[in-house]
1. Name the residues whose placed amide hydrogens come within less than 5 Å of the amide hydrogen of residue B:211, ignoring near sequence neighbours (fewer than 5 apart) on the same chain.
2. Residues with beta-carbon under 15 Å from that of residue A:81, excluding residue A:81: net charge, scoring Lys, Arg +1 and Asp, Glu -1?
3. So for chain B, averaging the separation of alpha carbon pairs under 8 Å that are six or more residues apart and normalising by length, what relative contact order in percent results?
4. Rounded, prolate or oblate for region B:258-338? Axes are the square roots of the Cα gyration tensor eigenvalues, ordered a ≥ b ≥ c, and the cut-off for rounded is a/c under 1.5.
5. Starting from the eigenvalues of the Cα gyration tensor, five times each then square-rooted, give me the equivalent ellipsoid semi-axes of the protein assembly as shown, largest first, whole Å.
6. Using only alpha carbon pairs under 8 Å that are at least six residues apart, calculate the relative contact order of region B:1-154 and give it in whole percent.
7. Distance between Cα centroids, region B:415-481 to region B:70-144: provide it in whole Å.
8. Pull up the DSSP beta bridges for the protein assembly as shown and report the antiparallel fraction as a percent, rounded to 5.
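The values are calculated or read from the model by the stated rules, or taken from the named source; none is laboratory data. Just so we're clear, the structure is a prediction, and the values are computed from it rather than from any experiment. Here the Cβ positions follow ideal geometry from the backbone for every residue, glycine too, while neighbour counts run over all protein chains shown. Protein only, heavy atoms only, side chains kept; ligands, DNA and RNA dropped before computing areas. Shrake-Rupley method; radii C 1.70, N 1.55, O 1.52, S 1.80 Å.
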Amino acid sequence: MVGSLLSACTDGSASDGSETSGATEAERAVIRLGRRYRADHPDEDDRDVLLERLGVAAGVAGSLRFLSTLDAQVAEDYASGRTVRLDGWVLSQTEGRAAALVSLA
Amino acid sequence: MLIDATELPAGQVLRADLCVIGAGAAGITIARELVRSGLDVLLCEGGGLEPTPGSTDLYRGEVTGRRFGPEGSAELTDNRLRYFGGSTNHWGGFCLPLDPIDFERRPWLPHSGWPIERAVLDPYYQRAVDVVGLAGDRFDWPYWEQEHDAGTSPIEPGRLSAVAGQIWPQRFGEVYREELVASDDVTVVLNANATRVNVAPESDLVTSISLATVDGVAFSAEATVFVLAMGGIENPRLLLASNDVRTAGVGNGHDLVGRFFAEHLQTLAGFALLRGGPDQYPAFQAMPVAVGEHQVALSLVAQLSAEVIREEELVGAGGVIFTEPFPAGSVQQREGITGADVAHLARSVSGQAVGTSASLLVASEQQLDPDSRVTLGDDVDGIGVPRVRVHWKQAEVERRSMLRFCEVLGQELGRAGLGHVQLAAGGLRPSFSSSQSQSGSDYELDPGAVGGDFDVLPGNHHMCTTRMASAASSGVVDADGRVFDTANLYVAGSSVFSTGGVSPPTFTIVALAIRLAERLRSELAS
Ligand SMILES: Cc1cc2nc3c(=O)[nH]c(=O)nc-3n(C[C@H](O)[C@H](O)[C@H](O)COP(=O)(O)OP(=O)(O)OC[C@H]3O[C@@H](n4cnc5c(N)ncnc54)[C@H](O)[C@@H]3O)c2cc1C
């Protein structure tokens, strides 16, 4: 089964971003993604650039909770084909930038 | 009636109004259409009712260029069967019609365009439904979703289309043998291998076809009209081998017989992580559907829409999402962004947990290339016919279209809030073809290696080698399937396809065979 693609996340115990040990794992995952995005997009390896391109205020950005505010923007990205490829994963531009911002926090 | 040619005396001449060579999907369909026509029809099949080593050996040949299978495998005998029923004795039964765009001239694809439009085939596709044993002539997923509870497709019309592949592996030989044998009009001749198409000098007519048993007993068939229906590799082989009077071979005045050999490329191109459990995705599992007496399995196929193909100058590509273990077993990824990372991201954004992994099995059409071709080899087979040499070529646009399909599918799943796609083709070890991945192989994925000239398997669909065209300068047969320079010789099967499309060929082969039989009936009646 391709279950190993999912590793710890298939059993429903995936983190919700709160202060549990699961949250740490979730944060680590998003930070890995963010670093990767920044490496692939050196022109966006900057907090201010990312904040501006995401159209969000500095105060709200940076934690995992902030990601959940981007749901509609993410869907809009996919609908308009605004995606990036990170290690083969097709991610919305907003997902990539938001993860990059978290990784800079 | 049934004749076994091994019981015929050497030199026997069989006579009929119509002589069809080859009893696969095409030949059997033509013969059946002419049952009770009042015409005398000979259906000459090289093999018997079961495969034999002697008959199978006649299919051996040489493959140069791209491989059909792993080095050392029996590439030209594994992908065809030489006995009554032909390759439908082991085909998968996956059926879809060609799309309207397949018939168009697409300026970015050299040699594209058919001399007929898709609408010409519509009535014949309808009739082909019963011949193949399908559950109706609807192939749009929304119809099956609404009328037969076939599960919701996440694909909205736009950049992708959602079509319903109908799967029914009709065994033409078994199912239609009795009917043909009982017919007064049709004589099935088994163990009758065509060895040459005979044309008279200075004439545009075929006079006879030379035949032989595998033991070399020679006889022949004379008829008013002849049809070659021996499959996409043997049709050009026999035309090329018939080079005693016309030295380049019959129908080869423009050096086009055997050129443009096309296949379908297939590969495990990627994976998907989907929200919720597999039960939420019934459309991603082949679903049995019964309509009247016909029962098929339905498979949701997503395809690049005609708009995307045109805008981005691609070839047709599409695929199936499997939530079952097929075709991948476990996938290990040591470096880079993993599925677990993406699942965490998805959960953080949408609040929903990922619960289903899926594999993306993707196929593409081929861009036609005159150097991808069937020619004659240096050796001859046991009955004196030069063995075949197949030089298979592939083009960069084919792989690009497959990966673009995966990307657009990822965008569609993301838009619907259902999940994420990872492109994997090129990064899998072992490679897809060497793993013979039908059985749930385990893979290691190196995401840095994704793309490039990744590994594919052929669909076992041999097409375009006697392609249909509006003029002899660009094809071998005309819009009716008649060989341009030979008035009483027709070709049937996927060798007449002008381009291959991305749909599997057999449903179209049957539709074209019904159309040809209709034409022959009126031609021979007058
Ligand atoms: C493993 C496999 C799976 C497939 N799955 C699918 C699928 O899911 N969907 C799909 O659409 N297609 C599929 N195909 C392709 C499908 O089998 C062919 O498209 C179809 O059988 C072609 O029909 P045909 O009549 O043109 O040729 P064939 O079925 O190849 O029949 C040709 C006949 O001619 C005979 N013959 C050959 N040479 C001579 C000669 N010199 N003299 C006399 N007789 C001769 C042969 O013995 C044979 O009976 C698959 C093929 C394979 C190998």
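1. HN-HN under 5 Å from residue B:211: B:195, B:219, B:220, B:221.
2. Details: positive: A:82, A:85, B:159, B:404, B:415; negative: A:76, A:77, A:95, B:156, B:307, B:311, B:312, B:407, B:412.
Residues close to residue A:81 contribute a combined charge of -4.
3. Details: 1323 pairs, mean separation 122.8, N = 526.
Contact order relative to length: 23 percent.
4. Details: a/c = 1.73, a/b = 1.04, b/c = 1.66.
Oblate, since a/c reaches 1.5 and b/c is not below a/b.
5. Working: eigenvalues 563, 101, 88 Å².
Equivalent ellipsoid semi-axes, largest first: 53, 23, 21 Å.
6. Values: 139 pairs, mean separation 23.3, N = 154.
With pairs under 8 Å counted, the relative contact order is 15 percent.
7. Answer, in whole Å: 16.
8. Numbers: 67 of 100 bridges.
Here the share of antiparallel DSSP bridges comes out near 65 percent.
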